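For reference, the structure discussed in these notes is given below.
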Amino acid sequence: MKSDFGRYIDHTLLRPIGTTTDIRRLCTEAIEYGMAAVCIFPSYIPMAREILKDSRVKIATVIAFPFGVTFTEIKEAEMRASAARGGDEMDFVINIAALKSGDDKSIEAEMEHLTARARTLGVHTKFIIETAYLTEDEKVRACKIANRVRPDFMKTSTGYGPSGATVEDVRLMRSNLLPEIQIKAAGGIRSYAEAVQLLQAGASRLGTSSGIKIIEEASKG
């Protein structure tokens, strides 16, 4: 894991006061450190696309962020606009309140709809379930919904919840998801040791704003 560790990292900037200078720096750092993707707000996609056009770094963006409580057609519109401007990966926040209300049918219908539309657009899907707000039963139910729909990824957290990714949550998700559904752990990942634990638990992508620090720690290890 120590060599080429950047391939696990989504270099993330989702602060509301992040500037265009910050986004440019994020993209150039992602290229320099060989990261999998940058994860940014939709409005910055055109700028990122121009900077990243000759690189292998993907552009991930967030949809219905950070609460997920909007209409499915709005989420689809955000995805379509983002894809048209060069986004590669869509990190949707599920309707967390609907899941907690026991409305699994609406969660599944939305996930199915968005995943199908994403495939027609040629973009990948990640669904954020915000594990810090969920009981173990709710986490398992979200995984079972995903198994029926088969999105590309399930993602632990927005980074705006009470806590971020934990080894226990990733392990629980991995044990309840089909092997082909990948896991993105995000939120509060600040060290190489934490990153390795999350990968060993079953994550294959890490969303973090500490990617450079993690990669540099990996190279020393």
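For the chain, rounded, prolate or oblate, judged on the Cα gyration tensor with a ≥ b ≥ c (square roots of eigenvalues), a/c < 1.5 rounded, else prolate if a/b > b/c? Verdict is oblate for the chain.
Here segment 133-207 and segment 1-63 have alpha carbon centers that stand 21 Å from each other. Taking the chain as a Gaussian network, Cα atoms linked when under 10 Å apart, which of 175, 157, 101 shows the biggest mean-square fluctuation? Highest fluctuation of the listed residues: 101. Per residue, the average separation of C-alpha pairs within less than 8 Å and at least 6 apart gives segment 102-221 a relative contact order of 21 percent. The lysine pair tally for segment 5-220, using Cα distances under 19 Å and a gap of 8 or more places or different chains, is 22. The relative contact order of segment 1-46, computed from alpha carbon pairs under 8 Å that lie at least 6 residues apart in sequence, is 51 percent. Say we join alpha carbon atoms closer than 10 Å with springs in a Gaussian network model of the chain; which of 15, 148, 24 then has the biggest fluctuation? Among 15, 148, 24, the largest mean-square fluctuation in the Gaussian network model of the chain belongs to 15. For segment 5-220, the Cβ-based charge dipole about the Cα centre amounts to some 340 debye (Lys, Arg positive; Asp, Glu negative; other atoms uncharged). Each residue of segment 198-213 was assigned a 3J(HN,Hα) from its phi angle through the Karplus expression (A = 6.51, B = -1.76, C = 1.60, θ = phi - 60°), giving 5, 5, 5, 6, x, 6, 10, 9, 10, x, 7, 8, 10, x, 5, 4 Hz with x at Gly and Pro. Computed on the chain, with alpha-carbon pairs under 8 angstrom and 6+ residues apart, the relative contact order is 18 percent.
In debye, nearest 20, what is the charge dipole magnitude of segment 1-103 about its Cα centre with +1 on Lys and Arg Cβ and -1 on Asp and Glu Cβ, if you could check? Don't skip to the end; give the middle numbers.
Values: 13 positive and 14 negative charges, 32 e Å.
Dipole of segment 1-103, to the nearest 20 debye: 160 debye.
For segment 129-213, chymotrypsin sites (Phe, Trp or Tyr not before Pro) are listed when DSSP marks them as loop and at most 16 other Cβ atoms sit within 10 Å of their Cβ; the list is 160.
Over 14 Å apart: what share of the alpha carbon pairs of segment 65-109 falls there, rounded to a whole percent? Provide the component values of the computation, followed by the final result.
Working: 513 of 990 pairs.
In whole percent, the long-distance tail amounts to 52.
Peptide packing: for 161-168, 56-63, 194-201, the average count of neighbouring Cβ atoms within 10 Å per residue gives the ranking 56-63, 194-201, 161-168, highest mean first. In terms of other Cβ atoms within 10 Å, 11, 124 run from fewest to most in the order 124, 11.
Read the figures in this text as sums done on the coordinates, not as results from a lab. Here the structure is a predicted model, which means the values were calculated and not measured. We place every Cβ from the backbone using ideal geometry, glycine too, and count neighbours over all the protein chains shown.
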